[in-house]
Each structure stands twice: as structure tokens, then as C-alpha cells.
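Written below as C-alpha cells is the structure these notes are about.
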Amino acid sequence: MSIRILIADDHGVMRAGLRALLEDEPTMEVVGEASNALHVFNLVESLKPDLVLLDIGMPDQNGIEITRQLKKLYPPIQVLILTVYEDETLLREAIQAGASGFVIKRAAEAELLAAIQAVSQGYMYIHPAITHLLLKDLSPKVDPKKGAIEDLTRRELEIMRYIIRGYTTRQIAETLFISTRTVEGHRASIFSKLGVKNRAELVAIAEKYGLMD
């Protein structure tokens with residue numbers, strides 16, 4: 001069974017190009033074209049397409065609002081948004097409105113066809129170039145200080161613990177049987193990695209991350 005598609009774009013050249021592409025696909029059928037929101041709703045009502053390939057920048061009403069109304073009036077219909085904008089806000093608004101896909105107009109023909117196939121099968125499709133926009137908020141937040149602590153060597157951690165206890169450079173050197181110059185080198189490295197300027201700041205970090213043993 002073919003996927004019945006309504007093309008909605010206010011540019012005739014764009015509609016013609018999309019029709020030519022889709023009509024070459026045996027599993028897809030273009031049932032109509034719309035150039036504004038009124039045409040979209042009239043044709044959806046009369047033609048009952050499976051999917052609306054919708055430009056987000058329609059002249060009389062934006063594609064997100066059209067999507068919201070289509071999903072309210074015709075819940076089973078799938079809407080695949082087409083846009084030139086790689087914008088996180090538009091992406092989120094489109095998905096919240098009920099769009100099943102979001103494709104950049106510069107996408108290769110094969111990507112658009114894949115998007116239509118995916119959406120028609122009930123999957124969400126987001127153009128790979130902007131997938132990172134959705135994943136950004138889900139990514140674990142990196143704690144730079146914690147990462148810096150993890151970068152400390154075993155010896156630096158050992159010396160850090162002596163510093164926060166109040167040991168002097170000479171006392172640390174004598175305790176660990178190393179030179180004062182070596183201790184000073186490790187101290188400088190520790191302070192640089194953790195971005196601290198004095199022992200008080202070092203103690204504050206140690207307290208925060210449970211290093212005050």
C-alpha cells in the first residue's frame with residue numbers, strides 16, 4: 001500500500017521538485033499540493049492523506065500551528081516538518097505540536113525519503129544534523145572540578161592530602177622521603193589542575209568532594 005502524501009509549501013518550484021522526487025517512489029503517492037494553511041485543511045479533509053509534508057514557513061499560518069491543529073482534528077495523520085532553519089526552539093516546538101519528523105531542506109533526497117518511510121511507520125525522524133539539539137539536555141553535566149581531581153596522579157593526591165592537613169613543604173618532603181623541590185613541583189601541578197590559588201581554596205574543594213580523610 002502506498003503512502004498517501006500531501007505536499008504543503010508556498011513555493012511552486014519546491015512543490016514541483018518534491019512531487020517529482022516522490023512520484024519516482026513506488027511506495028509513495030502524492031495526492032495533492034497546498035500553498036497555504038486553508039488549502040492544507042481543505043485537502044486533508046477531502047483527500048485523507050497519511051502524511052503531510054509541511055513547510056514550516058507557510059504564508060498565512062506557521063507550520064507549527066498548522067501541525068497543532070491537524071493533530072487535534074486528525075490525530076492519526078503524520079506530519080513531517082520541512083525547514084531551512086536548524087533551530088533548537090523550532091525543533092522542540094514542532095515536536096510538542098505533534099510533528100513526527102523534522103527535516104532540513106538541504107537534506108539529501110535519500111534522507112527525505114528515509115524520513116517519510118520512518119514517519120509513516122510510526123517512528124520519529126529528526127535530521128542527523130540537528131539530533132544533537134535534542135540530546136544536549138540529556139547529556140550528563142560535566143563537573144570541571146571533579147574531572148580535574150580525577151586527573152590528579154596518585155602522588156599528587158597524596159601530597160594534596162598533606163597540604164590540606166597543614167603540612168609544610170619540608171614536612172611533606174621528609175614524610176615521603178622526597179626533595180622539597182619535588183614537593184613544590186607537585187604542589188604547583190595540583191594548584192594548576194584544580195584552579196586554586198591557596199590552601200584555603202584547596203581545603204574547600206577537598207571538603208566538597210570528600211577528600212578530608
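The values are calculated or read from the model by the stated rules, or taken from the named source; none is laboratory data. Just so you know, these numbers come straight off a predicted model, no measurement behind them. For neighbour counting, all protein chains shown are included, and Cβ atoms are generated from backbone atoms with ideal geometry for every residue, glycine included.
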- Item | residue 86 vs. criteria part of a loop (DSSP other than H, G, I, E, B) and either of a type in the set (S, T, N, Q) or under 14 Å from the mean Cα position of the chain (by Cα) (or both) | yes
- Quick one: is residue 29 part of a strand (DSSP E or B), on the phi < 0 side of the Ramachandran plot and surrounded by fewer than 19 Cβ atoms within 10 Å (Cβ to Cβ)? yes
- Residue count, the range 1-23 (criterion: touching a residue at least 24 places away in the same chain (Cβ under 8 Å) and of a type in the set (D, E, K, R)): 3
- Message: So, in the range 54-70, exactly how many residues are assigned to a helix (DSSP H, G or I) and among the hydrophobic types (A, V, I, L, M, F, W, C)?
- Response: 3
- Extreme residue, farthest from residue 117 (Cα to Cα), among residues of the range 4-21 that are at pLDDT below 95 and in contact with a Leu (Cβ under 8 Å, 6 or more places away or on another chain): 9
- Query: Do we have any residue at all in the range 76-99 that's farther than 23 Å from residue 130 by Cβ and surrounded by fewer than 18 Cβ atoms within 10 Å (Cβ to Cβ)?
  - Reply: yes
- Take the residues of the range 49-74 that are more than 25 Å from the chain's Cα centre (by Cα) and among the charged types (D, E, K, R): which is nearest to residue 95 (Cα to Cα)? 72
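Residue-wise test of (1) touching a residue at least 40 places away in the same chain (Cβ under 8 Å); (2) more than 19 Å from residue 21 (Cβ to Cβ).
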position	(1), (2)
47	yes, yes
53	yes, no
60	no, yes
66	yes, yes
88	yes, yes
103	no, no
113	yes, no
123	no, yes
126	no, yes
- Top-ranked residue of the range 165-202 - restricted to ones that are of a type in the set (Val, Ile, Thr) and within 37 Å of the chain's Cα centre (by Cα), ranked as modelled with the highest pLDDT: 190
- Quick one: which residue in 162, 209 is of a type in the set (Phe, Trp, Tyr), modelled with pLDDT of 90 or more and over 30 Å from residue 114 (Cα atoms)? 162
